[in-house]
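Each reported figure results from applying straightforward, stated rules to the coordinates on display, with no laboratory input. The shown structure was predicted, so the numbers you read here are calculated from the model rather than taken from an experiment. Glycine also receives a Cβ, built like all others from the backbone with ideal geometry; neighbour counts cover every protein chain displayed.
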Amino acid sequence: MGSVSPLIAVYEQIKKSKPKAKFLFLGTKDGPECRAVDSYDMDFRSIPAGKLRRYFSWQNLIDPFKLVAAFFKSLVIIFKFKPQVVMIAGSFVGVPVAWAAWCLRVPILIHQQDIIAGLANKLMANTARKITVSFEVSLKDFSPTKTILTGNPVREEFYSCDPDKGRVLFQLKDSLPVLLVVGGGTGAVAVNQVVAQALPELLKFCQVIHITGRGKKVDFNDEDYHQFEFLTNEMREALCAADLAVSRAGMSTLSELIILARATILIPIADSHQEYNARYFQSNNAVVSVSQNSLTKEMFVSLIKEVLFDRNRKSELEANISQMMKVDGAKRVAELLLQISK
């Protein structure tokens, strides 16, 4: 849900002040965004998704053609829909959309979630009227004349939290602490493998909610182990019920953890922008970060115990993560969108 959640959060804010506003969401046919957007009052259109990789892959030969096809499809869609403004939250599917909107002179706002600027946003930066960033450290990556610090937009539902509701929803026991493991929108095989190996030990002292990713079910059954391939509207309840979260270092989930002030262990995707996110949070003593390449079952169980049962450490992490970012990002970005749409 990386680039989807901020867009939905901004949609919610605009819908409150402009209830008659019309929205169109462009995304990939097979991604999680189609299912997520389905519960909102937004039309959805799919476009081809290409990617410019900085490493050798046979797909690099095919994806430029996908980008061209996506550009022309976006051109037709935008011409027919006639939007007053376009917002893109940093995915490669947005690149041809930005180019098409720029050709049609539609104002564009690009949002940079992560600590380090991604290639997609760099490719789109010159087309943007405004660029918003989640963290002050990211201001240096874009033109100072059009870049604004806003924080990362978070869906409105995450600003209220009832742990008891989550415990009822997931049939959790009051007698055991709750560990939430989030493998990411497409799942994380390495994380799932470590969790599967560690479950016999973990379930001796906690109960586990595990979001595995689609098609990555773990072959393990226990009344204190609750696994799901994907959560949308129930994600808030899972985070609210958790005493400790284990997550990748994608900024959408991290932003929700900031709002809810949850103690967190990060396992960033190796050799990716997530390592920069995790490093930045850890340097502020807001999370515990561990390398995927060095992670073992024993280390995983030890870390869970250390954070879960050291009250001072857990409280420190909760207090520090809650201070990492402006918490009204959705409102700030929505106001900017309305300004440049005039």
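Remarks
- Taking other C-beta atoms within 10 Å as the exposure proxy, Leu119, Leu308 rank Leu119, Leu308 from fewest upward.
- Isolated Cys residues of the chain, judged by Cβ distance under 4.7 Å to other cysteines: Cys34, Cys103, Cys206
- Within the chain, DSSP assigns beta bridges of which about 0% are antiparallel (rounded to the nearest 5).
- Put in order of Cβ neighbour count within 10 Å, fewest first, the listed residues Thr150, Thr127, Thr264 become Thr127, Thr150, Thr264.
- A simple count of charges around Tyr159, restricted to other residues whose Cβ falls under 15 Å of its Cβ and scoring Lys, Arg +1 and Asp, Glu -1, yields +1.
- Computed from backbone phi with θ = phi - 60° and the Karplus coefficients 6.51, -1.76 and 1.60, the 3J(HN,Hα) list for the stretch 144-157 is x, 6, 10, 9, 10, 7, 10, x, 8, x, 10, 4, 4, 4 Hz; x is used for glycine and proline.
- Those aspartates and glutamates that a straight Cα-Cα span of less than 13 Å connects to Lys122, excepting residues fewer than 8 apart in one chain: Asp114, Asp141
- Cβ-based net charge around Pro200, under 15 Å, with every Lys or Arg adding one and every Asp or Glu removing one: -3
- Principal axis dimensions, largest first and in whole angstrom, of the stretch 161-281 by Cα: 37, 31, 24
- Among Glu136, Glu33, Glu156, sorting on how many other beta-carbon atoms sit within 10 Å of each Cβ, with the fewest leading, yields Glu136, Glu156, Glu33.
- Amide hydrogen neighbours beyond the local backbone of Val154, cut-off 5 Å, H modeled: Gly329, Ala330
- A straight Cα-to-Cα reach below 25 Å connects Lys342 with the lysines Lys15, Lys16, Lys18, Lys20, Lys22, Lys80, Lys82, Lys130, Lys146, Lys331, residues fewer than 8 places away in its own chain not being considered.
- For the chain, the average shadow cast by the Cα convex hull is 17.0 nm², which is a quarter of the hull's surface.
- Environment charge at Val106 (Cβ cut-off 12 Å; Lys +1, Arg +1, Asp -1, Glu -1): +3
- The stretch 282-342-the stretch 199-244 distance, computed between alpha-carbon centres (Å): 19 Å
- Only DSSP H runs of four or more residues enter the estimate; each adds -39500 (n - 2.57), and after division by the residues of the chain the mean residue ellipticity at 222 nm equals -12500 deg cm²/dmol.
- Residue of Asp271, Asp43, Asp114 that the Gaussian network model of the chain assigns the largest fluctuation, springs spanning Cα pairs under 10 Å: Asp271
- Phi angles of the stretch 308-318 translate, via the Karplus equation with coefficients 6.51, -1.76, 1.60 and θ = phi - 60°, into HN-Hα couplings of 5, 10, 9, 4, 5, 5, 4, 5, 5, 4, 4 Hz per residue; Gly and Pro are given as x.
- Percentage relative contact order, the chain, counting C-alpha pairs under 8 Å, at least six apart: 17 percent
- For the stretch 254-339, GluC sites (Glu not before Pro) are listed when DSSP marks them as loop and at most 15 other Cβ atoms sit within 10 Å of their Cβ; the list is empty.
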